[in-house]
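The values are calculated or read from the model by the stated rules, or taken from the named source; none is laboratory data. Everything numeric here is computed off the predicted structure, so don't read it as measured data. Please note: Cβ atoms are built from the backbone with ideal geometry, for glycine as well, and neighbour counts cover all protein chains shown. For the accessible areas, the whole protein counts, side chains as well, though only heavy atoms, and no ligand, DNA or RNA atoms are used. Shrake-Rupley method; radii C 1.70, N 1.55, O 1.52, S 1.80 Å.
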Amino acid sequence: MIPGYDKVHNRFKLNGLHFDHEDLKEVAYSLIKEGEPHEKITGNFLIDWLNTKDYIEVKTSGSTGKPKLVRLQKQAMVNSAIATGDYFGLQPGDTALDCLPSHYIAGKMMLVRAMVLGLEIDLVEPSAHPIFDYEKHYDFSAMVPLQLKHVLKYTYNIKTIIVGGSKVPQPLLERIKTCDSSFFETYGMTETVTHVAVRKLPSKTSKGEKYFNAIPNVSFTQDERQCLVITASNLVEKPLITNDIVDLKSETSFQLFGRYDNVINSGGVKLFPEQIEDKLQSVINERFIIAGEADETLGERLVVIVENPKNSAESIANNIKQIKGLTKFEVPKQVYTVDKFVETVSGKIQRSKTIALVLG
């Protein structure tokens, strides 16, 4: 029988202590009244979760548009937690590390998974460099790439780590290959109650996977734009049409190419910025984005915008030309630099606003 959102698993522990439904309310009030800023946010979420409403409101990150409030059914969040538990084989009494802010869906879902699945979860400050007990064994954790970059050498005691929020950069992927933990890149959004698919990354435990694979009770199709359509009746009421162009391998697996609204049409050739960015990571150390600039001959010409680079634009352009496997269409016609990218409050790049800032 699927548990309800008004139940807390009898094996659930928070920071080493067991709490039932009523106890958690007292904990939440205590966190709000006496806790650190990040604990106050967690306390507010727990109050929202433990009340009698069957939904909560979650703000989207705003990385692909204006931040908005999304109403999520609590039972859908329970269903998501169960699907994640089934996919990764999580059992009551397993240990989890939560270093994500409870502002957004990823951090909220770490707590929901613990309450629903009966995990023993440790809550630490959600900083760019999380501080936790490096000698303690954890079965499960979730991080954004920036966090993982800073603590990768301390993850040897974490069995499974899911990574999301933004694309995993190539230098970090290379470092992950030398680690013993199992790492998974996630695909999802607030509207789908966090991830609906995961892709195993290469490490000492695995060769990794090219395709994202659906969690239980999720399936995929494509629309006429070749964009992904998500069907997950346990999570969302109707199929969700995305702007993500994919190669659909099966109804439960796909390869991600890039966003439909980012595609650049240069002289009739469709270019996917995200794929070109993967290739350029080997020669550009700073943050950068590929963009299309209006051009009388090509319609759009490919350019790259680099944030506060140490090298000159000319040097960056020369280094790009040396990359093997880069087609002539994928070589940027111009290198632009900018002191600072436009970001969301959570630190994600706002691509369209940054491009508008630089190109006008």
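List of remarks:
For every residue, the table says whether it meets (1) touching a Ser or Thr at 6+ places or on another chain (Cβ under 6 Å); (2) at pLDDT below 95; (3) under 30 Å from Leu90 (Cα atoms).
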site	(1), (2), (3)
Val218	no, no, yes
Val229	yes, no, yes
Leu240	no, no, yes
Ile245	no, no, no
Glu251	yes, no, yes
Asp278	no, yes, no
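- For region 22-46, the set of residues classified as touching a Phe, Trp or Tyr at 6+ places or on another chain (Cβ under 9 Å) and surrounded by fewer than 15 Cβ atoms within 10 Å (Cβ to Cβ) consists of Glu26 only.
Yes/no matrix, rows are residues, columns are (1) touching a Phe, Trp or Tyr at 6+ places or on another chain (Cβ under 8 Å); (2) closer than 30 Å to Val263 by Cβ; (3) in contact (Cβ under 8 Å) with a residue 24 or more places away in the chain; (4) of a type outside the set (Phe, Trp, Tyr):
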residue	(1), (2), (3), (4)
Lys153	no, no, no, yes
Ile161	yes, no, no, yes
Thr178	no, no, yes, yes
Glu185	yes, yes, yes, yes
Lys210	no, yes, yes, yes
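- Residues that are farther than 26 Å from Val112 by Cα and over 16 Å from the mean Cα position of the chain (by Cα) within region 151-182 comprise Lys153, Pro171, Glu174, Arg175, Ile176, Lys177, Thr178, Cys179, Asp180, listed in sequence order.
- Within region 53-108, tally of residues that are open to solvent by 40 Å² or more (accessible area, probe 1.4 Å), out of contact with any strand residue (DSSP E or B) (no Cβ under 9 Å at 6 or more places or on another chain) and within 19 Å of Thr242 (Cβ to Cβ): 1
- Search result, residues across region 297-344 that are among the aliphatic types (A, V, I, L, M), open to solvent by less than 30 Å² (accessible area, probe 1.4 Å) and within 15 Å of Leu359 (Cβ to Cβ): Leu302, Val303, Val304, Ile305, Val306, Val335, Val338
- Only one of Ile245, Ile241, Ile290, Ile323 that is among the hydrophobic types (A, V, I, L, M, F, W, C) and not in a strand (DSSP E or B): Ile323
- Close pairs (7 angstrom Cβ cut-off, 6 or more residues apart or separate chains): closer than 20 Å to Leu280 by Cβ and touching a residue at least 24 places away in the same chain (Cβ under 8 Å) in region 331-360, basic (Lys, Arg) and surrounded by 15 or more Cβ atoms within 10 Å (Cβ to Cβ) anywhere: Lys333/Arg301; Phe341/Arg287; Ile349/Arg287
- If you check Asp278, Asp261 for being touching a strand residue (DSSP E or B) at 6+ places or on another chain (Cβ under 7 Å) and either in a helix (DSSP H, G or I) or open to solvent by less than 60 Å² (accessible area, probe 1.4 Å) (or both), only one passes: Asp261.
- Scanning region 264-275 for residues that are on the phi < 0 side of the Ramachandran plot, more than 18 Å from the chain's Cα centre (by Cα) and open to solvent by 20 Å² or more (accessible area, probe 1.4 Å) turns up Asn265, Val269, Lys270, Phe272.
- Applying the criterion of at least 3 residues that are within 21 Å of Glu251 (Cα to Cα) and either open to solvent by 30 Å² or more (accessible area, probe 1.4 Å) or out of contact with any strand residue (DSSP E or B) (no Cβ under 6 Å at 6 or more places or on another chain) (or both) to the strands (runs of 3 or more DSSP E) found wholly in region 129-236 leaves 182-189, 219-222.
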